[in-house]
1. Hey, could you check segment 178-196 for residues that are crowded, with 18+ Cβ neighbours inside 10 Å and touching a Lys or Arg at 6+ places or on another chain (Cβ under 8 Å) and say which is modelled with the lowest pLDDT?
2. For segment 227-240, which positions are hydrophobic (A, V, I, L, M, F, W, C), in contact with a helix residue (DSSP H, G or I) (Cβ under 9 Å, 6 or more places away or on another chain) and without any contact (Cβ under 8 Å) to a residue 60 or more places away in the chain?
3. Return yes or no: is Ala14 part of a loop (DSSP other than H, G, I, E, B), in contact with a helix residue (DSSP H, G or I) (Cβ under 9 Å, 6 or more places away or on another chain), crowded, with 16+ Cβ neighbours inside 10 Å and small (Gly, Ala, Ser)?
4. Could you run through segment 85-101 and say how many residues are assigned to a strand (DSSP E or B) and within 16 Å of the ligand (Cβ to nearest atom)?
5. From the list Leu23, Leu104, exactly one residue is within 16 Å of the ligand (Cβ to nearest atom), at pLDDT 95 or above and part of a strand (DSSP E or B). Which is it?
6. Checking the structure you have, find out if any residue of segment 202-222 is polar (S, T, N, Q), touching a His at 6+ places or on another chain (Cβ under 9 Å), surrounded by fewer than 18 Cβ atoms within 10 Å (Cβ to Cβ) and not in a strand (DSSP E or B).
7. Here's a check for you: in segment 107-127, which residue that is of a type in the set (A, V, I, L, M) and under 21 Å from Val175 (Cα atoms) is farthest from the ligand (Cβ to nearest atom)?
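The values are calculated or read from the model by the stated rules, or taken from the named source; none is laboratory data. Computed from a prediction, not measured in an experiment: that's the story for all the values here. Every residue, glycine among them, receives a Cβ derived from its backbone with ideal geometry; neighbour counts consider all protein chains shown.
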Amino acid sequence: MTATAGQIGYLGPAGSWTHHACLELFGPSDLVPMSQDELIAAYRSDTIDLACLPIMTSLVGATPFLDPVLDLANVRIVAEYPKMLGYSLLARHGTRLEDVKEVLGHPVAFEEVKHWLDCRLPQVRRTATASSGAAAQTVVNSEALVKASIGPKFGAAIYGLASIVDGIEEGPHNVTRWWVLGRDSPSPTENDKTSLLATVRDADLASLLASFAGAGVQILTIYERPAKTGLDRHRYLIEVAGHEMMNSLAGLLCKRPDIRVLGSYPRRY
Ligand SMILES: O=C(O)C(=O)Cc1ccccc1
């Protein structure tokens, strides 16, 4: 799928959780479904204005989308979007639960419904797909009434499927967090968050953290990610309260040019 400037790329196809998030955030106009690689490439080459990706969930932690975003040389996070997800099992009309021989879904989705699948469909084959939308699309194109997909219920309306069981997620605590990537950080508000990236040797981690405390910058959370250059060095996604224009944070960033700003945006949780 190609896109022109002015459009919003999302992990597609239609019926994915990311489609669902984008409909809530932006409405239906200008949304362009893409694969993960297409989305990253389109954002990098400026052929879309915004890119929406799920980067972590409260059950699974970092998703496979986080590191490719952190790998981008130029990235601006312009919004975050947290959402509690309720999963459904979708199948072609006429399929009964006892007919299902194969369940399709995104690997992250499988972890979020693992408990239900282990209890109710323990013998059924689990097949990974690129998204919940791709899973629903495969099910609607299948011949026999033996496949089902896991994902948002609205996929049933999009593909003419039936929702045969709702509420199969492990919950009610499973929240997914999306980032919207754009070009310019939004102006400061009363309640912002800034995402930072630093790669340091393990021996230098304590002094990195001390520099935040010394500047009076409140760390909200730290995600350790592989630096990919050896075992004794890690990449840290550090999220702090406030906007990058805030004096305390701006002062810290002046003193520590090794800390990269990924974006400042209104804090949603
Ligand atoms: O598979 C999808 O529909 C996605 O958009 C990715 C995803 C998978 C699981 C939880 C949240 C997002």
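1. Ser185
2. Leu231, Ile238, Val240, listed by residue number.
3. Here the answer is yes, as Ala14 does meet what is asked.
4. 3
5. Leu104
6. no
7. The residue in question is Leu117.
Results for (1) assigned to a helix (DSSP H, G or I); (2) of a type in the set (Lys, Arg); (3) closer than 26 Å to Asp71 by Cα; (4) touching a Phe, Trp or Tyr at 6+ places or on another chain (Cβ under 8 Å), shown as yes or no for each residue.
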site	(1), (2), (3), (4)
Pro122	no, no, no, no
Thr176	no, no, yes, yes
Lys193	no, yes, yes, yes
Leu197	no, no, yes, yes
